[in-house]
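All of the numbers you see were taken from the coordinates with simple rules; none came from a lab. Predicted model, so just to flag it, every value in this text is computed and none were measured. For neighbour counting, all protein chains shown are included, and Cβ atoms are generated from backbone atoms with ideal geometry for every residue, glycine included.
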Amino acid sequence: MKKLDRAPAPNWLQANYKEWEKRWEAKYKNPTKSNKFSWAQYNSKKVNHQLLPLLRTQTQDHCSYCDGYPMKSRIGDTIDHFRSKTEFPLLAYVWHNLFLSCSNCQQKNDFFDKRLLKPDVNGYSFAYYFLFNYTTGFIVPNPRRNQKDQDRAILTIKTFGFNDFGRPEDRLEVLGKYHHSINPDKDKFSYRFILI
């Protein structure tokens, strides 16, 4: 998980998010209606369709969690609510809660734990919490950290499936391609946090 420098929230989202969240909360809590989430409309377009290009630009078209690339053509992209939109309905449209996510990382569904690492938090660093095994392709907790930080790393690895879905083998393949490229551009490769 690469450190993410979050861009400022779009003005139109800032101007409307509270109203949309109140509508979603009312819908979700109403037992007589379907409580399935659907994105609000803004200027005749669904909000998620307007957010996806902004989120793609922010991550250079990489998944915010596993750093898979390119999102749309390779692994499908979605918008993940870091804090679940069902458990935290008043965060459903808050900019800092929305992340570009591949379909594999999105499988966390509504799971949330406050210990889960968030890539846009000040002070987050891959090398602080994790180590990459250049032989196996696995991501492991950094053993030099205290137990609390190692537990956070373990939880994050499991939640986003960092060592599942064939990712360790894929990382080793990407690493080989990167090292055999002439003047490689890191942003055109998956797993930029391992490329040295």
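DSSP loop (so not H, G, I, E, B), at most 13 other Cβ within 10 Å: list which chymotrypsin sites (Phe, Trp or Tyr not before Pro) in the stretch 50-129 pass both filters.
PHE111
Roughly how big is the chain's charge dipole about its Cα centre, with Cβ charges of +1 (Lys, Arg) and -1 (Asp, Glu), in debye to the nearest 20?
460
Of LYS36/LYS114; LYS3/LYS45; LYS33/LYS118, which ones are farther than 27 Å apart at the Cα?
Cα-Cα > 27 Å for LYS3/LYS45; LYS33/LYS118; rest within.
How far is helix 11-29 tilted off the main Cα axis of the chain, in degrees rounded to 10, range 0 to 90?
Tilt of helix 11-29: around 70 degrees.
In the chain, once you exclude exposed trypsin sites (Lys or Arg not before Pro) (DSSP loop, at most 16 other Cβ within 10 angstrom), what's the longest stretch remaining? The partial results should precede the final answer.
Numbers: sites that count: LYS3, ARG6, LYS33, LYS36, LYS114, ARG115, ARG144, ARG145.
In short, 37-113.
Compute the helix-to-body angle for 47-59: its Cα long axis versus the longest principal axis of the chain, expressed 0 to 90° and rounded to tens.
Between helix and principal axis, roughly 20 degrees.
Could you tell me which of GLN14, PHE82, LEU117 has its Cα farthest along the dipole of the stretch 11-194 towards the positive end, charges placed at Cβ (Lys, Arg +1; Asp, Glu -1), taken about the Cα centre?
Positive-most Cα among the choices belongs to GLN14.
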